[in-house]
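Report on the following structure.
Any read-out appearing in this document is the output of simple, stated calculations on the displayed coordinates, not a laboratory observation. Keep in mind that this is a model prediction, so the values were computed, not measured. Every residue, glycine among them, receives a Cβ derived from its backbone with ideal geometry; neighbour counts consider all protein chains shown.
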Amino acid sequence: MSELVSRRAVVKSLIAGALGRRLAFSQTRVLAKPKPLASDAVTHDWTAFLGPTHNGMSTETKLSRKLPPPLVWEFTKGTGYASPAIAGARLVYLHRLGDEEIVECLHAETGATNWRFRYPTDFDDRYGYNNGPRSSPVIDASCAYIVGAKGQLHCLDLGSGKLIWKRDLQKEYRVPQDFFGTASTPLVEGQLLILNVGAPGGPCVVGLEKSTGREVWRAGKEWGPSYASPVPATVYGKRRVFVFAGGESDPPSGGLMSIDPSNGRVDFAFPWRSRSYESVNASCPVVFDNKVFVSASYRTGGALIDIRPDFTHRQLWTTQEFGLHFNTPIYKDGHLYGFDGRNEPDASLACVDVATGKVAWRETPEWTETIEAGGRRQQQPVSTYRGSLLAVDGQFLCLGEFGHLLWLDLTPKGYKEISRAWLFAARESWGLPVLSRGLLYVSQNTRDLVTGARPRLLCYDLRA
């Protein structure tokens, strides 16, 4: 396996280097003008990973079910797995070209470039995945916060792209490079920017003054940086931040922390982590009804934690039947929906009753696509594999791992496909699509195997 990973890493490094040399900068190609918004449409900004409520649920309405949606513009990008952040007409996106990570500020509706900010990087993914950034930008008022694959933290002025302050998290906190680099997206909570830095011996989590980058508090000493992002919630009328920590460590360790953001005090720490060394916690916590659900792959499964009024906790149930690798499940009407499974072939869409922890149903969406390659047409069975879900407008949008977009009707009674389209034939479509003002933004992270199209950020018109 190590020899295979090594060969894969060399090939991907060569491809990434060639891409960086060919593209001194990325460009936008405009294809259409989006339809006007319906007068009574509900819309929102998308300023952070998992959306405005940090749970993969959107309040937008008046969305078209016809797929594929019209493509408005496409932005040729470099390497990376980040999703965009959007505030008003400004879209902030992070990717890598050559030996630089680049922050792009584009017009959300036209893709036109407002400004560009660059900084050097020599990050190399030792498992052979691409060498681009993993963490998504965060927008708060007039600032954009960016974390690179080596823990470079920048605070930029949203209007101009000028640097306000920066910190080197990996160097300052002496954090060794994790399995896949720095990937957790920071959280703005009040006057703080909260990050799971995972320093050896602590701190696990830091609260920085968002206007200056000055450290305000430290929390935890045991667990490393995960690939999940901090999630805020109000529990019993009080604000809390939930961090699902745990990356590279031997023996492996990690789990859920409940933190008071006003002072960094840890209410409780609930250990939950695979026993396998090569494993991570990557699915974000889901908070509802004074409870928190956490889940991990690598034979770990899920656990539901009940928070008591004094902020102690108790485990309600665990299950081996719902272990999410990196997608975050959606909670709706007493049930959790998400893609269980570690690898592509064993992934399935499941619905779990939170009252019991039992699987209400499980489906493996499958169909056949006709693929033309080398002048020959062939039938290929495909699926959503390890997809991601966005709850919106009374139903669910699903992005499949190989670039399929689906409208789904998911209820405790079962699964129903409303519509489906293949946006691109590209692997590693792992980022949750971003929705703002009726426009859907999807990251294509690898080359299209059928058309040869390079990695792109795509803007689609979902306005009804």
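Summary table below
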read-out	value
The range 44-71-the range 290-319 distance, computed between alpha-carbon centres (Å)	28
Footprinting exposure proxy for Ser58, Ser262 (fewest neighbouring C-beta atoms within 10 Å first)	Ser262, Ser58
FRET efficiency estimate (nearest 0.05) - Cβ-Cβ, Glu321 to Lys171, R0 45 angstrom	0.60
For Leu408, Leu31, order by how many other beta-carbon atoms lie within 10 Å, fewest first	Leu31, Leu408
Net charge, Arg275 excluded, C-beta distance under 13 Å - Lys, Arg +1, Asp, Glu -1	0
Label zone at Arg218 (point 7 Å along Cα-to-Cβ), backbone N below 11 Å, the range 176-200	199-200
Assigned charges on the beta-carbon of Lys, Arg, Asp, Glu; the chain dipole about Cα centre (debye)	640
Centroid-to-centroid separation of the range 197-259 and the range 379-395 [C-alpha atoms, Å]	31
Positive-end residue, the chain charge dipole about Cα centroid, Cβ charges, pick of Ser229, Ala219, Gly128	Gly128
Within the chain, helix-based [θ] at 222 nm, where runs of 4 or more DSSP H residues each add -39,500 (n - 2.57), nearest 500	-1500 deg cm²/dmol
Entries in Lys166/Lys210; Lys150/Lys171; Lys166/Lys238 that, when Cα-Cα distance is taken, lie over 19 Å	Lys166/Lys238
Isotropically averaged projected area of the range 226-312, using the convex hull of Cα atoms (one quarter of hull area), nm²	5.2
The range 357-464: relative contact order as a whole-number percent, Cα under 8 Å and 6+ apart	17
Reachable lysines, given that their alpha-carbon falls under 28 Å from the alpha-carbon of Lys66 and they are not under 8 places away in the same chain	Lys33, Lys35, Lys77, Lys332, Lys413, Lys416
Stretch in the chain that is longest and holds no chymotrypsin sites (Phe, Trp or Tyr not before Pro) that DSSP places in a loop and that have at most 15 other beta carbons within 10 Å	278-464
Trypsin sites (Lys or Arg not before Pro) within the range 351-391: DSSP coil, no more than 15 neighbouring Cβ in 10 Å	Lys358
Over the range 170-293, relative contact order from alpha-carbon pairs under 8 Å, at least 6 apart, %	19
Loop sites in the range 38-87: trypsin sites (Lys or Arg not before Pro), DSSP, at most 16 other Cβ within 10 Å	Lys62, Arg65, Lys66
Residues listed by number, the range 403-431, amide nitrogen under 20 Å from Glu278 label point at 7 Å toward C-beta	428
Whole-number percent relative contact order across the chain, with pairs defined as alpha carbons under 8 Å at least 6 apart	13
Long-range tail of P(r) for the range 325-457 (Cα pairs > 22 Å, %)	38
Loop-located trypsin sites (Lys or Arg not before Pro) in the range 242-311, at most 13 other Cβ atoms within 10 Å (DSSP)	Arg275, Arg299
Computed FRET value (nearest 0.05) for Asn263 with Val359, which takes r as the C-beta separation and R₀ as 45 Å	0.70
